[in-house]
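> Have a look at this one.
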Protein chains: 2
Amino acid sequence: MTSPVLPSQGRVRPLGLAQVSITGGFWGSRQAVNATATLAHCESWMERLGWLANFDRVADGTTAPDRPGWSFSDSEVYKLLEALAWESGRTGDPAAEAAIKRLTGRIARAQDPDGYLNTCFGHGTQPPRYSDLEMGHELYNTGHLLQAAVARLRTHGEDDLVRVARRAADHVCRTFGPDGRAGICGHPEIEVGLAEFGRALGEERYVEQARIFLDRRGHGTLRDIPLGRAYFQDDLPIREADVWRGHAVRALYLTAAAVDVAVERGDDELLRAVERQWERSVARRTYITGGMGSRHQDEGFGEDWELPPDRAYCETCAGVASIMVSWRLHLATGDVRYTDLIERTLYNVVAASPSPDGRAFFYANPLHQRAPGRPADPDEVSPRAEAGVRAAWFDVSCCPTNVARTLAGLQGYLATADDDGLQLHQYAPSTVRAELPDGREVAVEVETAYPDGGTVRVRILADGLWTLALRVPAWAAGATLADDGRARPVEPGMATVRRAFRAGEVITLELPMEPRFTWPDPRIDAVRGCVAVERGPEVLCAESHDLPHPGGLDALAIDPRAVPRSVRGAESGEVLVRGRLAAPPDRPWAYSGAPAASAAGIEWFDVPLRPYHSWARRGPSSMRVWLPIEGE
Amino acid sequence: MTSPVLPSQGRVRPLGLAQVSITGGFWGSRQAVNATATLAHCESWMERLGWLANFDRVADGTTAPDRPGWSFSDSEVYKLLEALAWESGRTGDPAAEAAIKRLTGRIARAQDPDGYLNTCFGHGTQPPRYSDLEMGHELYNTGHLLQAAVARLRTHGEDDLVRVARRAADHVCRTFGPDGRAGICGHPEIEVGLAEFGRALGEERYVEQARIFLDRRGHGTLRDIPLGRAYFQDDLPIREADVWRGHAVRALYLTAAAVDVAVERGDDELLRAVERQWERSVARRTYITGGMGSRHQDEGFGEDWELPPDRAYCETCAGVASIMVSWRLHLATGDVRYTDLIERTLYNVVAASPSPDGRAFFYANPLHQRAPGRPADPDEVSPRAEAGVRAAWFDVSCCPTNVARTLAGLQGYLATADDDGLQLHQYAPSTVRAELPDGREVAVEVETAYPDGGTVRVRILADGLWTLALRVPAWAAGATLADDGRARPVEPGMATVRRAFRAGEVITLELPMEPRFTWPDPRIDAVRGCVAVERGPEVLCAESHDLPHPGGLDALAIDPRAVPRSVRGAESGEVLVRGRLAAPPDRPWAYSGAPAASAAGIEWFDVPLRPYHSWARRGPSSMRVWLPIEGE
């Protein structure tokens, strides 16, 4: 099965490239841009910056102290390879296939005879291998190599990349196995790479090595650092933790591996620990966008309820990693809360990152931009993750390749199968087909303008008796399911139809797409007295481009009694709310003995809101998701 | 005049050690603890960590690659020396005098023959001198040396420390003068050191070198760094900037020097630029505590209105530096807004830092602590600036010595003189005497329990016709001034009495000490729907120690219609407000289609509030200054 995650057991089974394809729409166009622009964009930047030549230098024995790139730049090449492998598998694109061979050749030459493969350590005057486990990212890089090899193995079969990865994995097992050095990597990733590579190859010892790394962590195994050991989740054993903390991408990659190991080992204690962490972290440490990471300082989670919109970090990679975790949990449990969060994160984090041309990206995804960024030079590397504008490339450029591999493999998140049928989770124009364990062939075609429209038509492609299950998102109160001309209300969760289907029949899910106010828990101090507006799966935002004067966002107040309404005929997703600009007079001191006077006399007007994922497309802007309520 | 700042001109003149002494009360006890505990505490930690031995190693030619401490550790020794010099001048304490000689001897031995003095660069295998102007802190260290020498020169006269400093200053002028290298230091401080050392010695060229450094900055003189050149104020010339940005201590030390240079040169353009920056930064980027610095990532200012209470950095050193700036501006202009801010910062930032025993310190001063910190080990160096508990020493330990030098010289901020009399700015049991330019002797004794009580009695100590001016803080609406038995209302600003005084007469200022609600500007998003409580100059806070259950602070809501009231007979500053614990039920997702239900049925109770500066004295706690309002 050509899927990034293939557990040996679970409540539902993923479907691969041969089973699911996205044929257009919101995600289809993004997959196409990814294929035609982003993949080459990433390769060209890594060539230009010498991140690819780093492999040649190791092979040629010409490493030098001025090696370009951070210690994790190898991983960007591997993530691009993973994206290329999914793309090649998806479309058979010869350009992708050629790029895979080109990159694999250069990587393979850099592998040491014992399997060690890294361009930053262990050659020439470089520091010795594994001399900086805290921050050196060696095992992290290898983990991404293994994920790339999994993609290649499942879409193509064994080749040089897979053989390189196998030698690298063996080297890791020899070095850090039960009889080896009791070390772990400061950035989790090797664990999720080993677990899946082990599943893909049937190599139990790789899964075991992932388990060893997981259980070795959390005992102060790494040296303390100023940010504290929670930064790399070495503060508490994963089985004991109640919540995610520290660096968000680290926490989430680690958790993804924990699900893999728990499932492979039938380790319910570990699975329950992860579910407990997911529950509290999603309930108390997650933005309305699905974004995770409240702090810039350590790109990390904050305390419970610490969710500042302006300083939200919400790294794109943390969105990708959150989806990795929730997908694994969904496969294990079938619980719809995980696929709900995946939808939210896809539309409001992953989709927000790339520009329409696929050549610029958001790294951080704040929910409130106070001052517009400066226009980015498409020919420059951005030194900063937080600029309020999308950048062509970053000094730390983890996000573009993470977006690329996610979009290239996106069809994998649309649907699953169980013993009696199909479950559709994400709605896009697509076809889904599967063979059930007893040999029944099930197949549907999905037609929808989602998320612009809420109608999802599922056309049956072959006769048969089976169960079709459609996810009704948690926000979709009032949804209906029409089967054979009769519509019935369906509750959030999975709406199922079990009957003998005939080819050509259509089951129609109607999701309510009226825009709606969404209120925060009062314990989220940073957005007290504010309301957000959502429409379908999209979080909306107000942007300075749409306001009468540029500083208007500081003065905007919304009337919560006036229901938000969609603009007919406007570009997709545009919504109006009633608001006014109620800036108080400037004073020499921001604090006073009486509440600010109300802004009587300033006229109400219709404030346009648009999908958050499209903000800053019209040039640098200020923006806010959470809208202050008049009178608060 | 034994004062840290002695401008050659200005609206009012500072008074020195011989003119002002604090005789007890809130600040008297803190000065005493500083003298008897903190000074020795700082020296002992720097001995233990090898920061003092770094000087011996340079002198002995035994510097090694494992040199302990950051590149700025020398400056801590200099700040301690400055504190010791003020302390020795204030009390004649032989222990302080002995420490000065002891430290000076070790420092002097490390000075190179050409005047260069630094333990981190330029010796043995260390990087060459001035090879990392961005982050190397060499000139920063020298600036603190010069400030220490100013203190020594003014309290004692020329000695080895002053001679060492003079050689170091000369070296800086030769190296970075008009014909030298066009560099600046990544951390401003040399400028303020040179300006005052120049004033103290009558060396015009030192002031000129300060001006050169000031005007050289802001043109991209330093290399760019990931945090951007605004981090070290090299993004914009100081004359063009409208607001403080980047690292707060850097911005404020730089600004202090700009006032010095502006005053010495009669450079009104520069002075106006600084006043403009002060105005916007204080109006829009300053916490109610006077604290500055909204971001942990760069210890820096945020955007306008970006003032999160939980992630407030409010570094103690930034409070010290803010006082340095405002004091210089007050001396130049006589404007009471500057001394108002000094009072606010003294009580709510500087006083918050040290523990009652003077052996532990806050580095960051957040206005909301969500989770209690872990108890600090008094024998351990804290690696973190943000721990929710005071620490004995820090890996970056700038704050303890900054508190020490500020407290040792605190009497310098109490009063000024002009041609016709005295101005009293900060109220403490004290004596103030001065000789006016025409020879009149003026002297008063101040008796007060401030800030516990609001009565300030000013007893005239000698007959004479002159003007007594008393600061009426901006918050003190309803204050009265009683002279000769007749009380009259006085407005915030300076309340003056000009007449022929007779020794023994008492003028009494009554400041209203009823606790009061204070409301934030609605543009401060992070505290919307909240109110703070202040009493006199003290900002109050709620602390988990005083609530029925430890998580109570997340659930606290205040009734804004019930006026806060002082507790009679309770420990100083305790105030009660009416509140209740209104925690909403836990939900799996923090965002919902309706506002949270009100917390009907949970009983109201009296919530004790205490001065913010005393929080976490009773052990680790959660705490908040901004209190959510019931029903918001």
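The numbers here are math on the coordinates, done by the rules we state, and not lab data. Given the structure is predicted, the values throughout are model-derived calculations rather than measurements. A quick note on method: Cβ atoms are made from the backbone with ideal geometry, for glycine too, and the neighbour counts reach across all protein chains shown.
> Taking amide H positions as placed 1.01 Å from N in the peptide plane, with prolines and chain starts having none, which residues 5 or more places from B:GLN297, or on another chain, fall under 5 Å of its amide H?
Here the answer is A:GLN297, since their amide H atoms fall under 5 Å of that of B:GLN297.
> Would you mind checking which residues have amide H under 5 Å from A:GLY493's amide H? H placed 1.01 Å from N; only 5 or more apart, or other chain.
A:VAL472
> Starting from a label point 7 Å past Cα on the Cβ side, list the distances from B:PRO548 to the same position in the other copies, nm, shortest first.
4.8
> Given R₀ = 56 Å, what would the calculated FRET efficiency be for B:GLU279 paired with A:ARG488, taking r from the Cβ atoms and rounding to 0.05? Each step should come with its number before you reach the end.
Details: r = 64 Å, r/R0 = 1.15.
Efficiency for this residue pair is about 0.30.
> Using every alpha carbon pair in the range B:134-261, what percent of pairs falls into each 5 Å bin from 0 up to the bin containing the largest distance?
2, 12, 23, 25, 18, 11, 6, 3, 1
> So if I take the alpha carbon set of the range B:1-131, get Rg, then get Rh from the Kirkwood formula, what is the Rg over Rh ratio? Before the final figure, lay out each step's value.
Values: Rg = 17.6 Å, Rh = 16.7 Å.
Across the range B:1-131, the Cα-based Rg/Rh ratio is 1.06.
> State the extension gain, in nm to one decimal, for the chain segment bounded by B:ILE602 and B:GLU240, taking 0.36 nm per residue of separation less the distance between their alpha-carbons. Provide the component values of the computation, followed by the final result.
Numbers: separation 362, 0.36 × 362 = 130.32 nm, distance 5.48 nm.
Stretched out fully, the B:ILE602 to B:GLU240 stretch lengthens by 124.8 nm.
> Hey, got the dipole for chain A? About the Cα centre, +1 on K and R Cβ, -1 on D and E Cβ, debye to the nearest 20? Numbers along the way, then the final one.
Working: 71 positive and 87 negative charges, 89 e Å.
That gives a dipole near 420 debye.
> Further, regarding this structure: Arranged from highest to lowest average of other beta-carbon atoms within 10 Å per residue, in what order do the peptides A:492-500, B:224-232 appear? Before the final figure, lay out each step's value.
Numbers: A:492-500: 15.7, B:224-232: 18.7.
Top to bottom by mean Cβ count within 10 Å: B:224-232, A:492-500.
> For B:ALA18 and B:ASP159, compute 0.36 nm times the residue count separating them, minus their Cα-Cα distance, and round to one decimal in nm.
Numbers: separation 141, 0.36 × 141 = 50.76 nm, distance 2.04 nm.
Residue separation times 0.36 nm, minus the Cα-Cα distance, leaves 48.7 nm.
> Which is farthest toward the positive dipole end of chain B among B:PRO437, B:GLY122, B:LEU236, measuring Cα position about the Cα centre, with Cβ charges +1 (Lys, Arg) and -1 (Asp, Glu)?
Of B:PRO437, B:GLY122, B:LEU236, it is B:PRO437.
> If you don't mind, another one. Rounded to whole Hz and in sequence order, give me ³J(HN,Hα) for the range B:228-242 from the Karplus expression 6.51 cos²θ - 1.76 cosθ + 1.60, θ = phi - 60°, writing x for Gly and Pro.
Per-residue couplings from phi come out as x, 5, 4, 3, 10, 6, 9, 8, 8, x, 4, 6, 9, 6, 10 Hz.
> Would you kindly derive the ³J(HN,Hα) couplings of the range A:377-393 from the backbone phi angles with the Karplus curve 6.51 cos²θ - 1.76 cosθ + 1.60 (θ = phi - 60°), listing them in order in whole Hz, with x for Gly and Pro?
Here the 3J(HN,Hα) series is 7, x, 9, 10, 7, 7, x, 10, 7, 10, 10, x, 9, 6, 10, 5, 7 Hz.
> Stokes-Einstein D for the range A:516-628 at 20 °C, 1.002 mPa s, Kirkwood Rh over Cα pairs, in µm²/s? Walk me through the numbers on the way to the answer.
Values: Rh = 15.0 Å.
Here the translational diffusion coefficient equals 143 µm²/s.
> Given the alpha-carbon gyration tensor of the protein assembly as shown, what are the semi-axes of its equivalent ellipsoid in whole angstrom, ordered largest first, with each equal to the square root of 5 times an eigenvalue?
Values: eigenvalues 682, 274, 128 Å².
Ellipsoid semi-axes (Å, largest first): 58, 37, 25.
> Related question: Tell me, what ³J(HN,Hα) does each residue in the range B:535-546 have, in order and in whole Hz, if you take phi through Karplus 6.51 cos²θ - 1.76 cosθ + 1.60 with θ = phi - 60° and put x for Gly and Pro?
9, x, x, 9, 7, 9, 8, 9, 10, 4, 3, 9
> Express in whole angstrom the spacing between the alpha-carbon centres of the range B:364-425 and the range B:115-148.
If we compute the Cα centre of each part, the gap is 25 Å.
> Then there is this: Whole number please: convex hull volume per residue, Cα atoms of the range B:417-510, in Å³.
Measuring per residue, one finds 83 Å³ for the Cα hull of the range B:417-510.
> Would you work out which of B:MET513, A:GLN19, A:LEU346 lies farthest towards the positive end of the dipole of the protein assembly as shown? Charges go on Cβ: Lys and Arg +1, Asp and Glu -1.
B:MET513
> What is the mean number of Cβ atoms from other protein chains located within 10 Å of the Cβ atom of each residue in peptide A:306-317, rounded to a whole number? Present the calculation step by step, with values, prior to reporting the outcome.
Working: counts 6, 1, 6, 2, 8, 10, 0, 1, 0, 0, 0, 0.
Mean shielding by partner chains, rounded to a whole number: 3.
> Let me have the 222 nm mean residue ellipticity of the protein assembly as shown computed from DSSP H runs of 4+ only, each contributing -39500 (n - 2.57), with the sum over all residues rounded to the nearest 500.
Numbers: 28 runs with 392 residues, N = 1264.
Counting only the DSSP helices, I get -10000 deg cm²/dmol.
> How far is A:GLU204 from the same spot in each other copy, in nm, shortest first, if each label point sits 7 Å from Cα toward Cβ?
8.9
> For the range A:516-628, with only Lys/Arg (+1) and Asp/Glu (-1) charged at the beta-carbon, what is the dipole magnitude about the Cα centre, in debye rounded to 20? Walk me through the intermediate numbers first.
Numbers: 14 positive and 13 negative charges, 35 e Å.
In debye, rounded to 20, the range A:516-628 gives about 160.
> Measuring nothing but label to label, 7 Å from Cα along Cα→Cβ, what are A:PRO585's distances to the other copies in nm, shortest first?
Spacings between copies for this position, smallest first, are 4.8 nm.
> Turning to a different aspect of this structure: For the range B:13-413, what does the relative contact order come out to in percent, with C-alpha contacts under 8 Å and a separation of six or more?
Numbers: 729 pairs, mean separation 63.9, N = 401.
After rounding, I find 16 percent.
> Report the full-extension gain for the segment B:ARG272 to B:GLU514: residue separation times 0.36 nm, less the Cα-Cα distance, to one decimal in nm. Each step should come with its number before you reach the end.
Details: separation 242, 0.36 × 242 = 87.12 nm, distance 3.67 nm.
Using 0.36 nm per residue and subtracting the Cα-Cα distance, I get 83.4 nm.
> I've got another one for you. Hey, with R₀ at 60 Å, roughly what FRET efficiency would A:ARG498 and A:ARG618 work out to, going by the Cβ-Cβ distance, to 0.05? List each step's numbers first, then the result.
Details: r = 48 Å, r/R0 = 0.79.
E(calc), rounded to 0.05, equals 0.80.
> State whether the range B:1-70 is rounded, prolate or oblate according to the following rule on the C-alpha gyration tensor (a ≥ b ≥ c being the square roots of its eigenvalues): a/c under 1.5 gives rounded; otherwise a/b larger than b/c gives prolate, and the remaining case gives oblate. Could you put the intermediate results ahead of the total?
Numbers: a/c = 4.09, a/b = 1.82, b/c = 2.25.
Oblate.
> With Kirkwood's inverse mean 1/r over C-alpha pairs for Rh, give me the Rg to Rh ratio of the range A:13-413, two decimals please. Can you show the working numbers first?
On the way: Rg = 19.4 Å, Rh = 20.9 Å.
We get a ratio of 0.93 for the range A:13-413.
> Which percent, nearest 5, of DSSP beta bridges in the protein assembly as shown are antiparallel?
Values: 144 of 158 bridges.
That works out to approximately 90 percent antiparallel.
> Could you work out the percent of alpha carbon pairs in the range A:82-187 separated by over 25 Å, rounded to a whole number?
Values: 1376 of 5565 pairs.
Pairs farther apart than 25 Å: 25 percent.
> Sticking with this one: For an R0 of 41 angstrom, estimate the FRET efficiency from the Cβ-Cβ distance between A:ASP93 and A:ARG561 and round to the nearest 0.05. List each step's numbers first, then the result.
Values: r = 53 Å, r/R0 = 1.29.
About 0.20, to the nearest 0.05.
> Could you work out how far apart the two model spin labels at A:ARG102 and A:ARG48 are, taking each label as a point 7 Å from the Cα in the direction of the beta carbon, and quote it in nm?
Simple spin-label model gives 1.5 nm for this pair.
> Write down, largest first, the equivalent ellipsoid semi-axes of the range B:174-232 in whole Å, where each equals the square root of 5 times an eigenvalue of the alpha-carbon gyration tensor.
Numbers: eigenvalues 111, 31, 11 Å².
The equivalent ellipsoid of the range B:174-232 has semi-axes of 24, 12, 7 Å.
> Okay, moving on. Once you put a point 7 Å from the Cα of B:GLU435 and another 7 Å from the Cα of B:THR36, both along the Cβ direction, what distance in nm separates them?
If labels sit at B:GLU435 and B:THR36, their model points lie 3.5 nm apart.
> Answer with one residue from B:PRO595, B:GLY551, B:VAL575: the one whose Cα lies farthest towards the positive end of the charge dipole of the range B:516-628, charges on Cβ with Lys, Arg +1 and Asp, Glu -1.
Working it through, the farthest residue towards the positive pole turns out to be B:VAL575.
> Next question, about the same structure. List the residues whose amide H sits under 5 Å from the amide H of B:LEU609, counting only those 5 or more places along or on another chain, with H placed 1.01 Å from N in the peptide plane.
Under 5 Å from the amide H of B:LEU609: B:VAL575, B:LEU576, B:VAL577.
> I would also like to ask the following. Sort out for me the Cα centre separation of the range A:1-65 from the range A:189-261, rounded to whole Å.
Here the two parts' Cα centres lie 23 Å apart.
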